[in-house]
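Student: Encoded as structure tokens, here's the structure I'll be asking about.
The values are calculated or read from the model by the stated rules, or taken from the named source; none is laboratory data. Given the structure is predicted, the values throughout are model-derived calculations rather than measurements. Ideal geometry is used to build each Cβ from the backbone, glycine not excepted, and the neighbour counts take in all protein chains shown. To get the accessible areas, we keep the full protein, side chains included, count just its heavy atoms, and leave off ligands, DNA and RNA. Shrake-Rupley method; radii C 1.70, N 1.55, O 1.52, S 1.80 Å.
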Amino acid sequence: MVQPSTQPAETAPAPELEAHALSKTYHRPHGSDIRVLRGVSLRIAPGEHVAILGKSGSGKSTLLNILGGLDRPDRAPPGAPDAEKPRLCIGGTELLTAREEIRARVRAARIGFVFQSFHLLPELTVEENVCFPAMALPKHERGDLERARRLIREAGLGDRLGHRPNELSGGEQQRVAIARALMNAPRLILADEPTGNLDPATGRQILDLLFDLAGNFSAVPPALVMVTHAEDIAGRCDRILRLVDGAFRE
């Protein structure tokens, strides 16, 4: 008789991000409401690279802002069943019901953001911009100056530490933004059209840098969620989710 195994069964790792029933409507005082998201749900595994592909106006950036805790989805109507209530869990923390200080801590410690328009602070140097996210963490959890300088060197900007954003090209600014996103060793990177303001050749270089640094500069490679309208960019990810009129479609 074959004896049953006494080894514990392997279980799938908990998702880094899990979202359920996310909807978003913008209310206009003198016009019809605009429904941007319609009950979106998704799961992102640790280390997974996922592209959210859609045309302009499909709700991609709105969804990314909600996933990053920068915006909130619509509340479910009173009496709605649990299946219709929005949920957003990142690294085991439910964000939609959390206090703002907890939401802020999760954003600082767990998430790195890369925006299409770079969003560097113009008055700060390259080094100061990359170090800036560490200020949101307690001193004993902050990455040190050497980590920032290593990131900047890996981004190809080791000779630009003291330069300010207006002294850099668009591609160089996005390199700084990627280094900044990795400063706190996040478990999740959210990238909103990271090559949208760049020419094709520079855009390819930026994507290479994003994937290389995300995979090689952290003890635990982060998950990546990238929104884009370009099929070739989406094709570099492990999985593609297509967003059409505020909902995922096959």
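Student: Per residue, how much accessible surface does the range 2-126 expose to a 1.4 Å probe? Answer in Å², no decimals. Display every interim value, and only then the final one.
Tutor: Numbers: 7180 Å² over 125 residues.
With all protein chains present, the range 2-126 gives 57 Å² per residue.
Student: On to the next question. Among (i) 8, 32, 39, 18, 3, 0; (ii) 7, 29, 33, 20, 8, 2, 1, 0; (iii) 6, 24, 27, 20, 13, 7, 2, 0, find the value of P(r) over Cα pairs in 10 Å bins from 0, in percent that was calculated from the structure presented, and write down its label.
Tutor: Matching the structure shown: (ii).
Student: I need the helices of the chain that pass two filters: whole DSSP H segments spanning 20 Å or more by Cα along the axis, and mean Kyte-Doolittle score no lower than 0.0.
Tutor: On the way: long enough: 200-216 (24 Å, 0.26).
Counting only whole DSSP H runs, the qualifying helices are 200-216.
Student: First check a/c for the range 37-116, with a ≥ b ≥ c the square roots of the eigenvalues of its C-alpha gyration tensor; if it is under 1.5, answer rounded, and if not, answer prolate when a/b is larger than b/c or oblate otherwise.
Tutor: Numbers: a/c = 1.60, a/b = 1.09, b/c = 1.46.
Note, shape of the range 37-116 comes out oblate.
Student: For a quick check, take a GNM of the chain with Cα springs below 10 Å and name the residue from Asp82, Asp71, Asp238 with the largest mean-square fluctuation.
Tutor: For the chain, modelled as a Gaussian network with Cα springs under 10 Å, the answer is Asp82.
Student: Show that you can apply the helix-only estimate: for the chain, add -39,500 (n - 2.57) for every DSSP H stretch of four or more residues, divide by all residues, and state [θ] at 222 nm to the nearest 500. Working shown, then result.
Tutor: Details: 7 runs with 68 residues, N = 250.
Mean residue ellipticity, 222 nm, calculated: -8000 deg cm²/dmol.
Student: Could you work out how far apart the two model spin labels at Asn65 and His119 are, taking each label as a point 7 Å from the Cα in the direction of the beta carbon, and quote it in nm?
Tutor: Taking the simple label geometry, Asn65 and His119 are separated by 1.0 nm.
Student: Whenever you get a sec, compute what percent of the accessible area on the range 189-250 sits on carbon and sulfur atoms (1.4 Å probe). Working shown, then result.
Tutor: On the way: 1370 of 2910 Å².
Ligands and nucleic acids excluded, carbon and sulfur reach 47 percent.
Student: How large, in percent, is the carbon and sulfur part of the accessible surface of the range 1-160 at a probe radius of 1.4 Å?
Tutor: Numbers: 4960 of 9420 Å².
The C+S portion of the solvent-accessible surface of the range 1-160 is 53 percent.
Student: Figure the gain on full extension for Lys139 and Ala230 (residue separation times 0.36 nm, minus the Cα-Cα span) and round it to one decimal in nm.
Tutor: On the way: separation 91, 0.36 × 91 = 32.76 nm, distance 4.01 nm.
Answer, rounded to one decimal: 28.7 nm.
Student: Taking 8 Å as the Cα distance limit and 6 or more residues as the minimum spacing, I'd like the relative contact order of the range 158-210 as a percentage. Provide the component values of the computation, followed by the final result.
Tutor: Details: 22 pairs, mean separation 19.7, N = 53.
Contact order relative to length: 37 percent.
Student: Sticking with this structure for a sec: Before anything else, pin down the relative contact order of the range 115-185: Cα pairs under 8 Å, at least 6 apart, normalised by residue count, whole percent. Provide the component values of the computation, followed by the final result.
Tutor: On the way: 80 pairs, mean separation 35.4, N = 71.
Computed value for the range 115-185: 50 percent relative contact order.
Student: To continue, here is another question. Taking only pairs that are 8 or more places apart or on different chains, how many Lys pairs in the chain have Cα atoms under 22 angstrom apart?
Tutor: Summing the qualifying lysine pairs gives 4.
Student: Let me ask something else about it. With a 10 Å radius around each residue's Cβ, average the other Cβ atoms per peptide and rank 172-184, 32-44, highest first.
Tutor: Details: 172-184: 24.8, 32-44: 16.3.
In decreasing order of mean packing, 172-184, 32-44 become 172-184, 32-44.
Student: Return the distance in nm (one decimal) between the two label points of a simple spin-label model at His27 and Ala247, each offset 7 Å from Cα along Cα→Cβ.
Tutor: 2.4 nm
Student: Using 0.36 nm per residue of separation minus the Cα-Cα distance, give me the extension gain between Ala219 and Arg150 in nm, one decimal. Mind dumping the intermediate values first?
Tutor: Working: separation 69, 0.36 × 69 = 24.84 nm, distance 1.47 nm.
Once the chain is fully extended between Ala219 and Arg150, it gains 23.4 nm.
Student: Residues in the range 170-184, backbone N under 16 Å from the label point at Asp199 (7 Å along the Cα-to-beta-carbon vector): list them, ranges by number please.
Tutor: Only 170-174 fall inside the zone, counting backbone N under 16 Å.
Student: Mean separation of Cα pairs under 8 Å and 6+ residues apart, divided by the residue count of the chain: what relative contact order is that in percent? Mind showing how you got there, number by number?
Tutor: Details: 443 pairs, mean separation 70.8, N = 250.
After rounding, I find 28 percent.
Student: Taking a probe of 1.4 Å, how large is the accessible area per residue of the range 171-250, in Å²? Don't skip to the end; give the middle numbers.
Tutor: On the way: 3270 Å² over 80 residues.
Accessible area per residue: 41 Å².
Student: Could you give each residue of the range 85-99 its phi-based ³J(HN,Hα) in whole Hz, using Karplus coefficients 6.51, -1.76, 1.60 with θ = phi - 60°, and x for Gly or Pro?
Tutor: Listing the rounded values in order: 8, x, 9, 8, 10, 10, x, x, 9, 7, 7, 5, 9, 7, 5 Hz.
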